[in-house]
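First the structure, in the form of structure tokens, and then the observations on it.
What follows is calculated from the coordinates using simple rules that are stated; it is not laboratory data. These figures come from a predicted structure and were not determined experimentally. Cβ atoms come from the backbone with ideal geometry, glycine included; neighbour counts cover every protein chain shown.
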Amino acid sequence: MSVSEKTELYFRAIDAALEGLDVYLGEDNSPFYNHEMTGRILTGYIDRLQHSFDAWENRVAFAERFKVNQAESGYPTFQNVMDLDNDAKNAERDLAGLPEADDLRQEMIDYILLKKKFPTPMKQAMAKRVYLEHVQEGDVFAPYILPETIKLAFNEKTKRPVYVVHWAAFDGTANLPLVYVAVLEDSSPDMLKKLVSSEGKLTSGLDIPFPIGGLLNPDLAHGFDDFCEKNSSYGLTLATIADNLDKDFEHLHPKQLRRFVMGPFYSAGLTSHGRVVEKILESVSQVNNAWMLTWTQQELFSISETPAKWGLFGSTPAKQTFHIETDDLEAVRQGVSGYERHALVPHEAYQAIYASGKRNDVFGGYKTHVVSGGQVLRDF
């Protein structure tokens, strides 16, 4: 199989995987659909991934060879992600330096007629124009995607406003897209005045046009953006990130933190990080069905808060105590209260894995979901 054929197969496989994941997240009986709007949050980032892969597919027509992290994640290397982000930011400028599409078509015709050769330079310029126009049409999955506040609630016990915030990063070491969702209480005096009434309730009549770019608290928004950028590495456990957040922001109190690790991705003949999986996938007759997408959902929550203390010799801010499931060694390693591993496969690939007698080897510890006929059959 040639490099171009492998590249084409990779794009078809990842397209099918992301489409299946989008279906899984969006169905109204999905466990994610109504849980803190998680399905809606993740769907937005899946859209970004799909748009990125569409753009990369256009880019390979004129740029250097497209590179995939075959030995670990099955996703494009971080350099591809940075290139795409940079091209998206400069698309308007770069398009201005290219001939218009109609002019390029005429140049190609003239070139063929005069030189009797394939018009490679003009073809590449046209491919670059199509690529740049595409990246302008929607958001790509950047190395770091700024936080958004999508919900305001109220804790009757603590009398604090509660924010639901999400952000994302593409980890450059693990080559994996990561999505974060945090539930934060805010005890900032200014925000308590703005959002909490004298009766100790959330102020009525608030007209906030969610989603809000950044943290709802404007005094902390810039610092929170910087914090998330510096603390979104896959190498950091959720416990470490939450502890850092608790220490760095006196008036922000992390009550829940979740991370969705969108991978690894396995594809027959292309990736090499799951020998058992990929050997079985090679037996699938339809190559477009020879893939498997996995993801991990991690969660950390606070079980108590030590109140702030003020005295003559100093003060101590409020501090969270986070629950780590110590009965589960993997939960301890990940620094989480709990986690779930999921696997999404086409029906034909699932049949091949089942027939091989390796089902437990492949899917042990995973909730398995099977794509069949445009639907997702859950929890096999």
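Our estimate of slack between residue 117 and residue 315, defined as 0.36 nm per intervening residue step minus the Cα-Cα distance, is 63.5 nm.
Packing, taken as the mean count of other beta carbons within 10 Å per residue, orders the peptides 201-213, 322-334, 44-56 from highest to lowest as 44-56, 322-334, 201-213.
For residue 194, the aspartates and glutamates whose Cα falls under 20 Å of its own Cα, not counting residues fewer than eight places away in the same chain, are 148, 156, 185, 186, 207, 219, 250.
Helix-only arithmetic for the chain: the sum of -39500 (n - 2.57) across DSSP H runs with n ≥ 4, divided by the residue total, places the mean residue ellipticity at 222 nm at -12500 deg cm²/dmol. Based on C-alpha pairs under 8 angstrom that are at least 6 apart in sequence, segment 203-259 has a relative contact order of 19 percent. Pairs of Cα atoms nearer than 8 Å and 6+ residues apart set the relative contact order; for the chain it is 15 percent.
Backbone phi angles across segment 60-72, fed through the Karplus curve with coefficients 6.51, -1.76 and 1.60 (θ = phi - 60°), yield HN-Hα couplings of 5, 6, 9, 9, 5, 4, 6, 10, 10, 6, 6, 8, 9 Hz in residue order; Gly and Pro are listed as x.
Here the Karplus curve 6.51 cos²θ - 1.76 cosθ + 1.60, taken at θ = phi - 60°, turns the phi angles of segment 9-16 into couplings of 5, 4, 5, 5, 5, 5, 4, 5 Hz, with x standing for Gly and Pro. For the chain, find the longest principal axis of its Cα atoms and tell me its angle to the long axis of helix 238-248, 0 to 90°, nearest 10. Around 50 degrees separate the two axes.
Across the chain, Cα-Cα pairs more than 40 Å apart make up 26 percent of the total.
Computed extension gain for residue 98 through residue 329, at 0.36 nm per residue and net of the alpha carbon distance, reaches 77.5 nm.
Taking 140, 60, 183 in turn, the Gaussian network model of the chain (Cα-Cα springs below 10 Å) assigns the largest fluctuation to 60. The simple spin-label model puts a point 7 Å past each Cα toward its Cβ; for residue 155 and residue 210 those points are separated by 1.7 nm. Between the helical axis of 120-137 and the longest alpha-carbon principal axis of the chain there is an angle of about 20 degrees. Under a Gaussian network description of the chain, with springs only between Cα atoms under 10 Å, the residue in 23, 276, 336 that fluctuates furthest is 276. When the chain is treated as a Gaussian network with alpha carbon springs shorter than 10 Å, the biggest mean-square fluctuation among 286, 106, 124 belongs to 106. Pairwise Cα distances in segment 295-361 exceed 15 Å for 70 percent of all pairs. The HN-Hα couplings worked out from phi for segment 141-153 by the Karplus form 6.51 cos²θ - 1.76 cosθ + 1.60 (θ = phi - 60°) are 7, 7, x, 8, 10, 4, x, 10, 9, 10, 7, 10, 10 Hz, whole numbers, x standing for Gly and Pro. Count Lys and Arg as plus one, Asp and Glu as minus one, and take only other residues whose Cβ is under 11 Å from that of residue 158; the net charge is then 0.
Of the cross-linked pairs 159/255; 157/309; 279/358; 230/309; 157/201, those separated by over 21 Å at the C-alpha level are 230/309.
When the alpha carbon coordinates of segment 143-257 are projected onto the principal axes, the ranges are 50, 27, 20 Å, largest first. Pull up the cross-link candidates among the lysines for residue 115, meaning alpha carbon to alpha carbon under 26 Å and not fewer than 8 places away within one chain. The reachable lysines, counting only those whose Cα sits under 26 Å from residue 115, are 123, 128. Size descriptor for segment 59-137, Kirkwood hydrodynamic radius: 14.1 Å (Cα pairs only, one decimal). Each of residue 198 and residue 347 was given a label point 7 Å from its Cα along the Cα-to-Cβ line. The distance between the two points is 6.5 nm. The alpha carbon radius of gyration of segment 3-112, expressed as a multiple of 2.2 N^0.38 Å, is 1.37.
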